[in-house]
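The values are calculated or read from the model by the stated rules, or taken from the named source; none is laboratory data. Because the structure is predicted, anything quoted here is derived from the model rather than measured. Here the Cβ positions follow ideal geometry from the backbone for every residue, glycine too, while neighbour counts run over all protein chains shown.
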Amino acid sequence: MKWNINSWRRYPARQQPIYPNQKDLDKVLAKLQKLPPLVFAGEVKALQNDLIKVSRGEAFLLQGGDCAESFKNFGAINIRDMFKILLQMAIVLTFAGGCPIVKIGRIAGQFAKPRSNDFEELNGIKLPSYRGDIINDFKFDQRSRIPDPKRMLEAYYQSATTLNLLRGFAKGGLADLREVHRWNLGFLKKNKLYKQYAHMSEKISETLNFIEACGINIKDTSTLKEVNIYTSHEALLLPYEESLTRVDSLSGEIYDCSAHMLWLGERTRAVDEAHVHFLSGIKNPLGVKIGPNATAEDIIALANSLNPLNEEGRLNIIIRMGVEKIVQKLPKIFARLKSEGLNLIYSIDPMHGNTTKIGNYKTREFDKITQEVKSFFEIAYSEGIYAGGVHLEMTGQNVTECIGGASNITQQKLNKRYETQCDPRLNADQALELAFLIADLLKRNRKC
Ligand code: PEP
Ligand code: CO
């Protein structure tokens with residue numbers, strides 16, 4: 001069937017809210033269609049060029065951020081700290097891993113959540129599930145859980161202000177390498193990790209001094225002062241994505257201008273359904289989450305639908321199988337895909353296959369997360385495939401949502417600072433620790 005901006009409406013669409021009032025919904029969508037795009041096509045093309053390098057094994061992709069952004073936790077401090085932790089991880093990966101890093105936040109639009117169950121039960125009360133702040137309210141009462149289309153406008157404006165600040169940070173001085181490596185996140189304990197970071201920071205200072213002593217003026221070198229941070233979210237709520245999809249006046253190409261990159265979740269990636277159909281018609285770089293039940297044939301079919309021209313840097317296959325299943329399933333899949341000649345980026349999401357529940361808390365063990373990352377690199381290496389990236393749920397705050405890591409978050413400590421509205425995130429300490437581990441893996445893996 002021919003693609004146009006609303007042809008997805010003729011396909012089955014999973015995980016969509018049922019809005020109680022069609023007129024209210026139409027009004028909001030009409031308004032969104034008139035609002036300015038959040039990203040510019042030129043930036044999206046720049047991201048694809050960066051991702052071409054990843055696809056060739058010349059760079060590594062770091063994608064991370066909240067599981068779900070929220071209206072409640074929206075503020076400059078959270079955005080700044082997310083920016084800082086992404087940049088610090090990127091520095092660790094660049095310096096210790098020796099590889100250029102493409103940075104994409106799960107930010108400025110990551111609001112809609114797929115749910116395995118339509119209902120949630122708490123203390124004997126059953127209510128419709130929370131589906132992300134762009135759809136309904138986290139508060140556990142009947143009224144809060146009714147989908148409200150006006151939330152799309154709030155999500156749009158929050159995304160716009162978030163992007164505004166990110167762009168300011170990226171180009172306005174906060175990303176200056178001479179400062180970034182000296183940042184102290186404030187809660188790094190005097191542990192092994194702290195020493196490792198201080199040691200690397202010292203070596204970066206020495207290197208910068210050396211470059212300056214050679215007569216190169218680093219103050220005026222923009223690559224040492226500025227960074228590119230791109231945005232991404234799950235393209236789940238299709239009416240919202242449709243409303244922000246525009247024709248680029250320069251090229252005539254169609255872009256979803258809600259973010260630079262969009263991905264599809266494990267629950268909405270069926271090739272004959274609405275989400276895949278919609279994404280097949282836009283030019284943005286795309287991702288697809290791949291769970292333990294997927295086959296190599298499923299991935300080939302997705303590549304044919306989402307990247308029929310086999311373009312480099314277009315499609316990111318994000319593996320999220322869990323620490324046990326990845327070793328059982330992935331080697332065979334990689335072996336088969338290797339013979340297909342498809343241009344794909346492969347990255348690992350070590351979060352979503354490793355979620356467990358302790359009491360009322362959803363959590364993840366840091367050891368399982370690191371082990372799935374290691375297995376991914378090992379399997380890729382032995383199958384001759386480039387391990388191209390990592391996809392994480394993390395925050396720049398000192399939360400206690402995942403168990404373990406150098407600061408040793410225990411089960412008993414989970415309630416200290418458990419703030420996520422959806423899945424448990426790595427805190428800044430855990431994220432940095434993981435970055436050091438990935439840097440070691442990158443050294444062996446890299447072609448860059
Ligand atoms: C997510 O990335 O938050 C998510 C829901 O992932 P998945 O679709 O892989 O479960
Ligand atoms: Co999640």
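Hey, which of the strands (runs of 3 or more DSSP E) in region 153-260, taking only ones fully inside, have at least 1 residues that are within 16 Å of ligand 1 (Cβ to nearest atom) and in contact with a Ser or Thr (Cβ under 8 Å, 6 or more places away or on another chain)?
Because the criterion is at least 1 residues that are within 16 Å of ligand 1 (Cβ to nearest atom) and in contact with a Ser or Thr (Cβ under 8 Å, 6 or more places away or on another chain), the strands (runs of 3 or more DSSP E) in region 153-260 that meet it are 229-234.
Among the numbered criteria (1) over 24 Å from the mean Cα position of the chain (by Cα); (2) touching a residue at least 60 places away in the same chain (Cβ under 8 Å); (3) assigned to a helix (DSSP H, G or I), which one does ILE146 miss?
ILE146 satisfies every listed condition except (3).
Any idea which residue in region 372-392 is farthest from ligand 2 (Cβ to nearest atom), counting only those that are β-branched (Val, Ile, Thr) and more than 21 Å from GLY105 (Cα to Cα)?
ILE385
Report, by residue number, each residue of region 233-254 that is crowded, with 24+ Cβ neighbours inside 10 Å and within 15 Å of LEU306 (Cβ to Cβ).
Those that are crowded, with 24+ Cβ neighbours inside 10 Å and within 15 Å of LEU306 (Cβ to Cβ): GLU234, ALA235, GLU241.
Is there any pair with a first residue in region 336-361 that is farther than 20 Å from ILE317 by Cβ and of a type in the set (Phe, Trp, Tyr) and a second that is more than 16 Å from ligand 1 (Cβ to nearest atom) and at pLDDT 95 or above whose Cβ atoms are under 7 Å apart and which are 6 or more apart or on different chains, and what are they?
TYR361/LEU414; TYR361/TYR418
Kindly indicate the residue of region 393-409 that is free of Cβ contacts under 8 Å to residues at least 60 places away in the same chain and within 16 Å of ligand 2 (Cβ to nearest atom) and also surrounded by the fewest Cβ atoms within 10 Å (Cβ to Cβ) among those meeting that condition.
Going through the qualifying residues, I end up with VAL399.
Let me confirm something: among ARG314, ARG269, ARG320, which residue is within 16 Å of ligand 1 (Cβ to nearest atom), of a type in the set (Lys, Arg) and touching a Leu at 6+ places or on another chain (Cβ under 7 Å)?
Of ARG314, ARG269, ARG320, the one residue that is within 16 Å of ligand 1 (Cβ to nearest atom), of a type in the set (Lys, Arg) and touching a Leu at 6+ places or on another chain (Cβ under 7 Å) is ARG269.
Those residues that are surrounded by fewer than 13 Cβ atoms within 10 Å (Cβ to Cβ) and under 30 Å from GLY388 (Cβ atoms), I need them from region 4-48; list them, please.
Within region 4-48, GLY42 is the sole residue that qualifies.
Pick out, from region 8-124, the strands (runs of 3 or more DSSP E) lying fully within it that include 3 or more residues that are more than 16 Å from ligand 1 (Cβ to nearest atom).
Here the list reads 101-106, 119-122.
Would you mind finding the one in PRO17, PRO37 that is touching a Lys or Arg at 6+ places or on another chain (Cβ under 8 Å) and under 14 Å from SER243 (Cβ atoms)?
After applying the criteria, what remains is PRO37.
So which residues in region 266-308 are assigned to a helix (DSSP H, G or I), within 16 Å of ligand 2 (Cβ to nearest atom) and surrounded by 17 or more Cβ atoms within 10 Å (Cβ to Cβ)?
Once the filter is applied, which keeps residues that are assigned to a helix (DSSP H, G or I), within 16 Å of ligand 2 (Cβ to nearest atom) and surrounded by 17 or more Cβ atoms within 10 Å (Cβ to Cβ), region 266-308 yields GLU266, THR268.
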